[in-house]
Amino acid sequence: MNTVPIPVGPPLWLLAELTYKCPLHCVFCYNPTQHARIQDEMSTKQWVSVMQQARKLGAAQLGFSGGEPLLRDDLVELVQEAHRLGYYTNLITSGVGLTPAKAQALKDAGLDHVQLSFQDSTKELNDFLSHTRTFELKQRVARLIKAHDWPMVLNCVLHRHNLPHVRKIIDMAVALEAEYLELANTQYYGWAWINRDHLMPTREELEEAEALVTQFRIEQEGKTGSKTRVLFVVPDYFEERPKACMNGWGSVFLSVAPDGLAMPCHNARDLPNLALPNVKDTPIAEIWQRSNAFNAFRGDSWMKAPCRTCDERHKDFGGCRCQAFMITGDPANADPVCSKSPHHEKVVQLVAQAPTRRHIPIVFRSDDESRHLHPVP
Ligand code: FES
């Protein structure tokens, strides 16, 4: 543990990754590709303790995520406790398992908000990308969410397969009365990193999709009544500056994995030489304020050139540590998405080479590490 901790505010956003188990097999899932090896899930009592400790530290938003959090038998109990503690709670779900009875129980427990994932506006692509027949189920679940009067975010990960459907995806979200549609361009972590050549769009495909989003926003301006707001999450491989990942390492975001590992981002498990603490044996306050892992990339003293002297370093915090590691081999390097990074050319190459590497089979998320291989449609 560090003896001189860097001053830090509260972990405002607590993400409880209740389980890595999931009935879907999405090709862009950000969960660790070795997720099936992580078996030692925390008990209800341990999760309640995490929620209580984090709330005392000032956590205000709580996301129940996974995997599929509805696979946990104690989800209603956990939501009830979170509500009692005063959290604003969000269920992040594929929809599988959200039956009418479960929805009512979650409503009664005080759940505030639901984020439902879709893979596409067509049954064919939705079901292909998730390797399940879930498109119609998701439509039913979306109606169930609205029937329970929850604010609903529809989340759709974008890539070259569904970018041409963007307008149809927007129309679907409007028809389902979503308050928000999050069009999240693929972030290349976990399974998406393995499948990046299959998922990588061209700049033209992105620009066409973004123009359709802009067109929709213009159409909305003159309308009255309830509206669907569309968020277009930038495709950072095509940017000149990196995203402010997690709003800065150890700044507001605390993720707790199913086995109790506490992480400043969902992918930190894969970073080298980072002794991630575990909530099973270390108090949250100590983890948040004093652990080496949470202090490793806080502030700017860890930064190397060009970030160290960059006048944008307090805006983007050097970008994403995980991306820096995956692409340059060193998590303390500038995120190579940044055009000032000496490794930026690697990102340009990853984009350019993608069309030439699609003979490599696409890999569906699977518990079997020998991985099931399927052809691209
Ligand atoms: Fe880990 Fe960005 S995903 S720091």
Of all residues making up the range 136-157, the number that are assigned to a loop (DSSP other than H, G, I, E, B) and over 22 Å from the mean Cα position of the chain (by Cα): 2
Given (1) within 16 Å of the ligand (Cβ to nearest atom); (2) on the phi < 0 side of the Ramachandran plot, index of the condition residue 247 fails: (2)
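Across the range 348-361, what is the total count of residues that are surrounded by 13 or more Cβ atoms within 10 Å (Cβ to Cβ), in contact (Cβ under 8 Å) with a residue 24 or more places away in the chain and not charged (D, E, K, R)? Before you say what the answer is, go through the steps one by one.
Going residue by residue through the range 348-361, those that are surrounded by 13 or more Cβ atoms within 10 Å (Cβ to Cβ) are 348, 350-351, 354, 358, 361.
Filter again for in contact (Cβ under 8 Å) with a residue 24 or more places away in the chain, leaving 350-351, 354, 358.
Remaining after also requiring not charged (D, E, K, R): 350-351, 354.
The number of residues fulfilling the criteria is 3.
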Members of the range 202-229 found to be under 17 Å from residue 162 (Cα atoms), touching a strand residue (DSSP E or B) at 6+ places or on another chain (Cβ under 8 Å) and not hydrophobic (A, V, I, L, M, F, W, C), listed by number: 210
Matching entry among 175, 192, 244 (being in contact with a His (Cβ under 9 Å, 6 or more places away or on another chain) and of a type outside the set (Asp, Glu)): 192
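Looking at 16, 54, can you tell me which residue is within 30 Å of residue 363 (Cβ to Cβ) and small (Gly, Ala, Ser)? Working first, answer last.
Values: 54 fails: within 30 Å of residue 363 (Cβ to Cβ).
Result of the check over 16, 54: 16.
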Hits in the range 262-275 (condition: crowded, with 19+ Cβ neighbours inside 10 Å, more than 10 Å from the ligand (Cβ to nearest atom) and over 17 Å from residue 57 (Cα atoms)): 274
Enumeration of residues in the range 82-92 that are closer than 11 Å to residue 109 by Cβ and surrounded by fewer than 22 Cβ atoms within 10 Å (Cβ to Cβ): 83, 84
Only one of 93, 122 that is modelled with pLDDT under 95, among the polar types (S, T, N, Q) and within 30 Å of residue 166 (Cβ to Cβ): 122
Selection status of residue 185, crowded, with 18+ Cβ neighbours inside 10 Å and more than 16 Å from the ligand (Cβ to nearest atom): no
Those residues of the range 276-292 which are surrounded by fewer than 21 Cβ atoms within 10 Å (Cβ to Cβ) and part of a helix (DSSP H, G or I), in sequence order: 285, 286, 289, 290, 292
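For the range 298-318, give me each residue that is touching a Cys at 6+ places or on another chain (Cβ under 6 Å) and assigned to a loop (DSSP other than H, G, I, E, B).
Quick first cut of the range 298-318, residues touching a Cys at 6+ places or on another chain (Cβ under 6 Å) only: 313, 318.
Within the range 298-318, 318 is the sole residue that qualifies.
Within the range 1-29, restricting attention to residues that are among the hydroxyl-bearing types (Ser, Thr, Tyr) and buried (at least 17 other Cβ atoms within 10 Å of the Cβ), which residue is modelled with the highest pLDDT? Give the derivation first.
Step one: filter the range 1-29 for residues among the hydroxyl-bearing types (Ser, Thr, Tyr), giving 3, 19-20.
Then keep just the ones that are buried (at least 17 other Cβ atoms within 10 Å of the Cβ); that gives 19-20.
Details: 19: 96, 20: 93.
If we take residues in the range 1-29 being among the hydroxyl-bearing types (Ser, Thr, Tyr) and buried (at least 17 other Cβ atoms within 10 Å of the Cβ), then 19 is modelled with the highest pLDDT.
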Filter result (surrounded by fewer than 17 Cβ atoms within 10 Å (Cβ to Cβ) and within 12 Å of the ligand (Cβ to nearest atom)) within the range 310-347: 332
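The values are calculated or read from the model by the stated rules, or taken from the named source; none is laboratory data. From a predicted model like this one, the values you see are computed outputs, not experimental measurements. Neighbour counts run over all protein chains shown; Cβ positions are idealised from the backbone, glycine included.
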